[in-house]
There are 2 protein chains.
Amino acid sequence: MTRRLGIDVGGTKCLGVVVDDGVEEPDDIVAQARQPTPYDPDELLDVLSEMVHGLTIEAGAVETVGVGAPGLITLEGVLRSSPNVPDVVDLDIATRLGERLGRPVTVGNDATCAALAEWRVGAGRGHDDVLMVTLGTGIGGGVVSGGRLVVGSNGFAGEFGHMVVDPNGPPCPCGRRGCWERYASGSGLAQLARTAAVGGRLRRVVQVAGGDVTLLRGEHVQAAAEEGDEGALAVIDEFARWVALGLVNLTNAFDPAIFVLGGGLAEGSHLYLEPIERWFSELLYAPEHRPHPALSFATLGEHAGAIGAALLPTTRF
Amino acid sequence: MTRRLGIDVGGTKCLGVVVDDGVEEPDDIVAQARQPTPYDPDELLDVLSEMVHGLTIEAGAVETVGVGAPGLITLEGVLRSSPNVPDVVDLDIATRLGERLGRPVTVGNDATCAALAEWRVGAGRGHDDVLMVTLGTGIGGGVVSGGRLVVGSNGFAGEFGHMVVDPNGPPCPCGRRGCWERYASGSGLAQLARTAAVGGRLRRVVQVAGGDVTLLRGEHVQAAAEEGDEGALAVIDEFARWVALGLVNLTNAFDPAIFVLGGGLAEGSHLYLEPIERWFSELLYAPEHRPHPALSFATLGEHAGAIGAALLPTTRF
């Protein structure tokens, strides 16, 4: 059986997998490994190289090696800039890792890899028009349109997080204001919660967080919402409205058959699905004249990026 | 020579052309005709049918017939809903016009047709990733990605005008607030001008418009800007910022090699290009780490939609 190796370079850890060619189920992962992500470029290449060696010792020879990394990754596999790995700029991962390994390496954006995996193996299977949106610390994305992965002219398509949804909104580390990920990400949820807490509307959530408003995180809102706390549910609803607003914008642009929502927020999916769908219908243009895209949550969990990286070398753009 | 017929159904007029197969220049239009657009569905089909007959009498037999129409057009050629032709809903143009003509008819969105034409024959020629944005009364759009026309799962891709860029912005006829076309269209420019005029900052423009602030239109701002009027140039700059904001959002989503700006606003292109490019660089994420898409103005003028409609039947999605 032909096997393919993929590594997902995350903000904190690198996760590598070996999958069978023609992988159809997450269970087809035949080997996996993880390592902390070093921020130094040379150390990062060392770690990736070691992971490839370790995984091929464990799983046997592999046909291809793919890497998914956060940020702007060119079609040639150069990481131009990444908010999550700030010291790594203009790093030619494909060439330099390829030299260390003595074999070709294909490199793509991590969320694009996750989209590829969810489309081929996960929640988007069977659809030709799939938008993957990863709601984590920030927001990433990947696009499948007309049965093909869309990467854009430089490889930078799908950077949904920096879509401006309010030019007077809070400043974003990217230098602009009111980017979608300031509202609809994990940190956006935390910020909505802190604003509500300062207004005195979140007593239970603040309690769950240990009494300190500045320490409020998305998990605390989720935990209180699970208990049915009204203040927490109101914050979830506000958050869902921001998520839906962005999904509507993306629907106007891409007209997908299905959204696959991934990232850390997918954990509490049962809390979000109903309010996101409700707001989506509220905000969509001409909702009565069109089918609505399906809203689903990712099924490959933390493995999506690595599985997609493994599939990338044989994917036609 | 094989010939193809296309008709663009506009908000006020229908424009039909016959082009040679393999059309490469706007000059390859071998016949054209125009008629006012009736708002009654049956009369519209009558007009389209008459135009096809008239054009084939003039130009000889044609191999295919295509129609571009505004609004949500399904892949089967049904007009679901159109803001510009409000009385026409759920009209199966492809089937009903096909029956009248006794031949197959392919129907698509008008801005998608314009994108196809500008990509194959006009300003986007030679690029594989082209975004067409039509800045008219509203904003339409069309997408070419990876060398293929992107239409989405229902045919509704490219509806850029209703991308929300400010959820607290002015109400839009679509039912939401702060849609991009409230700012970056012809009516958006007029609204920005009226706001500035009420603030007393546009004396020359109001003079050009005949002294009545409520009658201010985009053309008046353009005319005063041509004279170098500072107030008018400031409104153009504000307008350019809104245009750029949306183009940046679309760059994050699609990563195009080139934008082709069309619609009525393309007329004053020399006024807009520099400020739009300046704001684009200001607003883009990581501008120093990436090539910027080219900004260009459409070259096919009012014929883009009809030429694209003619090319549609032989285009693979």
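The values are calculated or read from the model by the stated rules, or taken from the named source; none is laboratory data. Just so we're clear, the structure is a prediction, and the values are computed from it rather than from any experiment. Cβ placement follows ideal geometry from the backbone for every residue including glycine, while neighbour counts extend to all protein chains displayed.
Brief remarks follow.
- Looking across region B:215-229, the residues that are surrounded by 17 or more Cβ atoms within 10 Å (Cβ to Cβ) and in contact (Cβ under 8 Å) with a residue 40 or more places away in the chain come down to B:GLY218, B:GLN222, B:ALA225.
- Within region B:273-293, the set of residues being touching a helix residue (DSSP H, G or I) at 6+ places or on another chain (Cβ under 6 Å) and either part of a helix (DSSP H, G or I) or at the interface with chain A (Cβ under 7 Å from one of its Cβ atoms) (or both) comprises B:PRO275, B:ILE276, B:TRP279, B:PHE280, B:SER281, B:LEU283, B:TYR285, B:PRO287.
- Residue within region A:63-83 that is out of contact with any strand residue (DSSP E or B) (no Cβ under 9 Å at 6 or more places or on another chain), more than 21 Å from A:THR315 (Cβ to Cβ) and not small (Gly, Ala, Ser) present: yes
- If you filter region A:62-98 down to residues that are of a type outside the set (Val, Ile, Thr) and part of a helix (DSSP H, G or I), you find that the one that is farthest from the other protein chains (Cβ to nearest Cβ) is A:GLY98.
- Of all residues in region B:252-265 being surrounded by 21 or more Cβ atoms within 10 Å (Cβ to Cβ) and modelled with pLDDT under 95, the one that is nearest to B:ASP237 (Cα to Cα): B:LEU265
- Among the residues of this structure, A:VAL221 does not count as one that is among the aliphatic types (A, V, I, L, M), assigned by TED's automatic domain parsing to the domain that holds A:GLY262 and touching a Gly at 6+ places or on another chain (Cβ under 7 Å).
- Whichever residue in region B:230-250 is free of Cβ contacts under 8 Å to residues at least 60 places away in the same chain and facing chain A (nearest Cβ under 9 Å) and, among such residues, is surrounded by the fewest Cβ atoms within 10 Å (Cβ to Cβ): B:ARG241
- Of residues in region B:251-272 being in a helix (DSSP H, G or I) and closer than 22 Å to A:GLY141 by Cβ, the one farthest from the other protein chains (Cβ to nearest Cβ): B:THR251
- Criterion (closer than 30 Å to B:CYS172 by Cβ and touching a residue at least 60 places away in the same chain (Cβ under 8 Å)) met by exactly one of B:VAL89, B:VAL85: B:VAL85
- Exactly one residue out of A:THR112, A:THR64 is touching a residue at least 60 places away in the same chain (Cβ under 8 Å) and surrounded by fewer than 24 Cβ atoms within 10 Å (Cβ to Cβ), and it is A:THR64.
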